[in-house]
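Heads up, the thing below is written out as structure tokens.
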Amino acid sequence: MIELYTDGASAGNPGKSGIGIYITGEGHSLKISEPIPPCDNHTAEFLALIRGLEEAVRLTTGILSVRSDSQLVVQAVEKEFVKNELYKPHLKKALELTRNFEYFFIKWIADDMNRAADALARQAIHKQQ
């Protein structure tokens, strides 16, 4: 089983933004910290999930367990629905990617349980000029 921790961060609304991805399990330990175009925090959270799923599918098509501190993202994926039109394309892309896994789980976790991904997302904001 692969565990994927994702986080998006935005310094402003919109503002400088970044994503953090931490993948562990099955002998893997991968950390990704990437700046993304300025956006709001929810968009950053969706983009982090999408980027994390893209990486995870390279490592396994078996069991993937995703952990996110974004209640909006977790609920949207679980319900396969999001009200805000801005997020619908991101949800669609994420759901398409989840179909690559034999078993896919997503769970909301508290901020303090997502420190690795959070630190990576914040680092990414500071990589921008």
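Taken together, the values in this text are just the output of simple stated rules run on the coordinates, not laboratory data. Quick caveat, the model's predicted, so the values are computed rather than measured. Every residue, glycine among them, receives a Cβ derived from its backbone with ideal geometry; neighbour counts consider all protein chains shown.
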_Residues located in segment 5-22, provided they are under 17 Å from Asp111 (Cβ atoms) and either of a type outside the set (Val, Ile, Thr) or surrounded by fewer than 24 Cβ atoms within 10 Å (Cβ to Cβ) (or both)_ = Tyr5, Asp7, Gly8, Ala9, Ser10, Ala11, Gly18, Gly20, Tyr22
_Scan of segment 23-63 for residues that are surrounded by 15 or more Cβ atoms within 10 Å (Cβ to Cβ), more than 16 Å from the chain's Cα centre (by Cα) and among the hydroxyl-bearing types (Ser, Thr, Tyr), ordered by number_ = Thr60
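Within segment 64-86, track down each residue that is exposed (fewer than 15 other Cβ atoms within 10 Å of the Cβ), part of a helix (DSSP H, G or I) and hydrophobic (A, V, I, L, M, F, W, C).
Leu86 - this is the single residue of segment 64-86 that is exposed (fewer than 15 other Cβ atoms within 10 Å of the Cβ), part of a helix (DSSP H, G or I) and hydrophobic (A, V, I, L, M, F, W, C).
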*Limited to segment 92-121, what total is found for residues that are of a type outside the set (S, T, N, Q) and not in a helix (DSSP H, G or I)?*
11
*Hits in segment 3-31 (condition: more than 15 Å from Arg67 (Cβ to Cβ) and in contact (Cβ under 8 Å) with a residue 60 or more places away in the chain)*: Ala9, Ser10, Ala11, Lys16, Ser17, Gly18
*Tell me which residues, restricted to segment 86-110, are acidic (Asp, Glu) and in contact with a strand residue (DSSP E or B) (Cβ under 9 Å, 6 or more places away or on another chain).*
Glu102
*In segment 47-83, which residues are more than 19 Å from Tyr22 (Cβ to Cβ) and either in contact (Cβ under 8 Å) with a residue 40 or more places away in the chain or of a type in the set (Phe, Trp, Tyr) (or both)?*
Thr61, Phe81
_I need a count of the residues in segment 58-90 that are under 14 Å from Thr6 (Cβ atoms) and of a type in the set (A, V, I, L, M)._
7
*Test Pro89 against the stated conditions and say whether it is in a strand (DSSP E or B) and exposed (fewer than 14 other Cβ atoms within 10 Å of the Cβ).*
no
